[in-house]
Amino acid sequence: MGRGKIVIRRIDNTTSRQVTFSKRRNGLLKKAKELSVLCDAEVGLIIFSSTGRLYDYASSSMKSVIDRYKKLKEEHHQLLNPASEVKFWEREAASLRQQLQYLQECHRHLMGEELSGLSAKDLQNLESKLEMSLKGVRLKKDQILNGEIKDLSQKGNLIHQENIELYKKLDVIGKENVELQRKAYGARNVNEENKSSEPSFTITNGYHLHAPIHLQLSQPQNQTEPQPQNNVPANAIKLGVVP
């Protein structure tokens, strides 16, 4: 059988009231912790018992929760009042100026300027910050250089592979040229052997086949005039214009 509905009212019995307070207090603290963990919420819980005993829980710190609550409550109140809104923005501007001045001072210290007002401990802290910053810069630089070296190495390997392929192609072309030259010289030698085996023929009228031929143009002359004799070989063929 299910439990009946509990009437929400003050418990008159002191013992029962104390037991109920203890149980529900523990449950409320547990729920507050679960809410802060599951939902990433900033939770602050304050409980005072009827005897004046304090029970509290804060996800970060109770002081920060209370300060945040007061600030937001004050801002909300100021936004509702136009006169106080001006003062609010004036305070915000003054706070931003202070933050800017602090950042400028830190920047000058990091640049090695205006160090006269710093103590030995401050200088040591500044040195530690600079060493950490320098370490981070060097680490980032090494990462970039290693990446560039890796890319160059990959490009070099690709170029090397391309060179190997080109050398293989040149080797194949060279072998083909050698084979073509062998075939060409072999055909030439065969032709020369065929020419050497052919018999030589001579003309039966007394003229040699390979005798030199001299071409000469002569003027028309009378048959009665003696014709000059030229120094022409006896076995040469004389060509002329017949009158």
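The values are calculated or read from the model by the stated rules, or taken from the named source; none is laboratory data. Quantities reported herein were computed from a predicted structural model and do not represent experimental measurements. Counting neighbours? That spans all protein chains shown, and the Cβs are built from the backbone with ideal geometry, glycine included. Each accessible area value is taken on the protein alone, full model and side chains, heavy atoms only, with ligands, DNA and RNA left out. Shrake-Rupley method; radii C 1.70, N 1.55, O 1.52, S 1.80 Å.
Of all positions in segment 45-60, at least one carries a residue that is over 30 Å from Gln18 (Cβ atoms) and not in a strand (DSSP E or B). Restricted to segment 55-90, and to residues there that are among the basic types (Lys, Arg) and surrounded by 11 or more Cβ atoms within 10 Å (Cβ to Cβ), the residue that is modelled with the lowest pLDDT is Lys87. Scanning segment 149-161 for residues that are charged (D, E, K, R) and open to solvent by 100 Å² or more (accessible area, probe 1.4 Å), we see that the one that is nearest to the chain's Cα centre (by Cα) is Lys150.
Conditions (1) of a type in the set (A, V, I, L, M); (2) modelled with pLDDT under 85; (3) assigned to a helix (DSSP H, G or I), marked per residue:
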residue	(1), (2), (3)
Val137	yes, no, yes
Ile144	yes, no, yes
Gly147	no, no, yes
Leu158	yes, no, yes
Lys169	no, no, yes
Glu176	no, no, yes
Ser200	no, yes, no
Thr204	no, yes, no
Gln219	no, yes, no
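Glu193 is checked against (1) open to solvent by 100 Å² or more (accessible area, probe 1.4 Å); (2) modelled with pLDDT of 90 or more and fails just one. What number does that condition carry? That leaves (2) as the condition not met.
Only one of these conditions is not met by Arg25: (1) within 24 Å of Thr14 (Cα to Cα); (2) of a type outside the set (Val, Ile, Thr); (3) free of Cβ contacts under 8 Å to residues at least 12 places away in the same chain. Which number is it? Arg25 satisfies every listed condition except (3). When Leu110, Leu29 are checked against the criterion of being in contact with a strand residue (DSSP E or B) (Cβ under 7 Å, 6 or more places away or on another chain) and not acidic (Asp, Glu), a single residue qualifies: Leu29.
Suppose the filter is surrounded by 10 or more Cβ atoms within 10 Å (Cβ to Cβ), charged (D, E, K, R) and part of a helix (DSSP H, G or I); does Lys121 pass it? Considered against the rule, which asks whether it is surrounded by 10 or more Cβ atoms within 10 Å (Cβ to Cβ), charged (D, E, K, R) and part of a helix (DSSP H, G or I), Lys121 comes out as no. Looking across Lys63, Lys23, one residue alone is assigned to a helix (DSSP H, G or I) and closer than 30 Å to Glu90 by Cα. It is Lys63. Quick check, is Leu29 assigned to a helix (DSSP H, G or I), modelled with pLDDT under 95 and under 49 Å from the mean Cα position of the chain (by Cα)? So Leu29 fails the test.
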